[in-house]
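Taking it in order: structure first as structure tokens, then the write-up.
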């Protein structure tokens, strides 16, 4: 199974990146992308950010992480040395200007750039940088997938539906996506 940015999350308080493997009523189930492959549930109090929803400030607006990672990959493949925690502040800025020329230096901190590089180091082995997001499905194929099954005949009886005693019928649990 191919991985995409929509499958990968960053969880506050947990180092590294994680793959979404399941959902539950009060959070997500994620698995670390490192060799340990440790699975754990998230809670509603933890901030979970899908990489597909992350962007960085530029002087022209926001730039999606997908585009920044593609640019970073191209720069890294061309032979430019990646920065590390040992790099000076000026080295980090000079490096990132080669990746994203017009980033907003007042709103993008060196720690953000270093985190981006550490994420890239994790992702470069498991992602195809030419296809970071899922390809669009052809309209005809999508229509077949969403086609409804034939209605039940009058002689078929279905099980009675469970009645909810909660007001409104829907329990809202909160938004886990970063926006």
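Yes or no, residue by residue, for (1) under 18 Å from residue 121 (Cβ atoms); (2) in contact (Cβ under 8 Å) with a residue 60 or more places away in the chain:
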{"site": "51", "(1), (2)": "yes, yes"}
{"site": "67", "(1), (2)": "no, no"}
{"site": "70", "(1), (2)": "yes, yes"}
{"site": "86", "(1), (2)": "yes, no"}
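Tell me, which helices (runs of 4 or more DSSP H) wholly within the stretch 86-170 include 2 or more residues that are at pLDDT below 55, farther than 27 Å from residue 64 by Cβ and within 28 Å of the chain's Cα centre (by Cα)?
Once the helices (runs of 4 or more DSSP H) in the stretch 86-170 are filtered for at least 2 residues that are at pLDDT below 55, farther than 27 Å from residue 64 by Cβ and within 28 Å of the chain's Cα centre (by Cα), what remains is 139-145.
Specify which of the listed residues (21, 9) is closer than 30 Å to residue 101 by Cβ, not in a loop (DSSP other than H, G, I, E, B) and not assigned by TED's automatic domain parsing to the domain that holds residue 100.
Numbers: 21 fails: closer than 30 Å to residue 101 by Cβ.
Going through 21, 9 in turn, just one is closer than 30 Å to residue 101 by Cβ, not in a loop (DSSP other than H, G, I, E, B) and not assigned by TED's automatic domain parsing to the domain that holds residue 100: 9.
Conditions tested, residue by residue: (1) surrounded by fewer than 12 Cβ atoms within 10 Å (Cβ to Cβ); (2) modelled with pLDDT of 95 or more; (3) assigned to a loop (DSSP other than H, G, I, E, B); (4) on the phi < 0 side of the Ramachandran plot.
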residue	(1), (2), (3), (4)
2	yes, no, yes, yes
14	no, no, yes, yes
35	yes, no, yes, yes
79	yes, no, yes, no
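The values are calculated or read from the model by the stated rules, or taken from the named source; none is laboratory data. What you are looking at is a predicted structure, and each value in this text was computed from that prediction instead of being measured. Because the Cβ atoms are built from the backbone with ideal geometry, glycine has one as well, and the counts that use them run over all protein chains shown.
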